[in-house]
């Protein structure tokens, strides 16, 4: 085949791969007009491009979310620049990967990358995207969570941070309000019973050391430490925090007004 390529073939290859016109034409020349071979050529080129860019820092991107009634998945997809992060093709890819993760309940990156996507796998599509956007693109994290018999609500902020709140009742608006609070205030547990023993003991050790420096006797030290722990729980436990939309009430009081209960929540931020 000569260097002159049928425009219809170029268009067909571009539609199938999303790769630039020039690269499509070159691949068709190399494959002598064989569309399937041209796709393989572009794929091989994309893998080489992805490999060459893999060491470049990819700190931008977005947290894509897929939601079902009682389950949610967050997928962190990174790129190098905010320009690519805002590009529709990148966003479409990120959302498609999140949808696949939810459908397959993928809880690990290795599992997710092997799932079917397009004409290949998620990893194949990631490689193809690198070739199209010219930047390092990485799927850096996947977080799947299910709470039986719960009703999940999601709030995303700027594409970089997202939260899902699981309510006992079907009140999605309330769930979104609480999710907004979690994004802003970053609690670590619903209440004190959800704070790990490791965290409690670490804080207790810090408070004890601080109090002992004050020269207090053991009984007074213990009382002061318990008081400090109580204040710590109010700062880090969702139900005890002042509600971000009305600091005059706690989240617990807000939920009492709405007659619902938070069963759990999860917050994911790009780069975590």
Inset, instruction - Measure nothing fancy, just the Cα-based angle from helix 35-53's long axis to the longest principal axis of the chain, in degrees from 0 to 90, nearest 10. - result: 40
Legend entry - Ranked by how many other beta carbons lie within 10 Å on average, peptides 141-153, 197-209 from highest: 141-153, 197-209
Legend entry - Using alpha-carbon coordinates, inclination of helix 172-185 to the longest axis of the chain, degrees: 80
Inset, instruction - Sticking with the crude label model, points 7 Å out along Cα→Cβ, report the distance from residue 249 to residue 168 in nm, one decimal please. - result: 1.7
Inset, instruction - Calculate the spin-label point distance for residue 8 paired with residue 196, positioning each point 7 Å from the Cα along the beta-carbon direction, and give it in nanometres. - result: 6.2
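Mean residue ellipticity at 222 nm from the helices of the chain, using -39,500 (n - 2.57) per DSSP H segment of n ≥ 4 over the full residue count, to the nearest 500 deg cm²/dmol?
Computed mean residue ellipticity for the chain: -15500 deg cm²/dmol.
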Legend entry - Chain lengthening between residue 87 and residue 115 when straightened (0.36 nm per residue, less Cα-Cα): 7.7 nm
Legend entry - Distance between segment 57-84 and segment 166-195 - C-alpha centres, whole angstrom: 20
Inset, instruction - Taking only Cα atoms and a 10 Å spring cutoff, compute GNM fluctuations for the chain and point out the largest among 67, 229, 112. - result: 229
Inset, instruction - Just need the relative contact order of segment 54-146 here, percent rounded to a whole number, with Cα pairs under 8 Å and 6+ apart. - result: 37
Inset, instruction - Take every Cα pair under 8 Å in the chain that's 6+ residues apart, average their separations, divide by the length, and report that relative contact order as a whole percent. - result: 17
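Counting DSSP beta bridges with both partners in the chain, what percentage is antiparallel, nearest 5?
That works out to approximately 95 percent antiparallel.
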Legend entry - In degrees, nearest ten, helix 21-30 long axis to first principal axis of the chain (Cα): 50
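From the mean inverse distance of alpha carbon pairs (Kirkwood) and the Cα radius of gyration, derive Rg over Rh for the chain.
1.16
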Inset, instruction - Once you have the Cα-Cα distance between residue 210 and residue 222, take 0.36 nm times their residue separation minus that, and quote the gain in nm to one decimal. - result: 3.2 nm
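Since every read-out is calculated from the coordinates, none of them should be taken as a lab result. Here the structure is a predicted model, which means the values were calculated and not measured. Glycine gets a Cβ as well: all are built from the backbone with ideal geometry, and neighbour counts include every protein chain shown.
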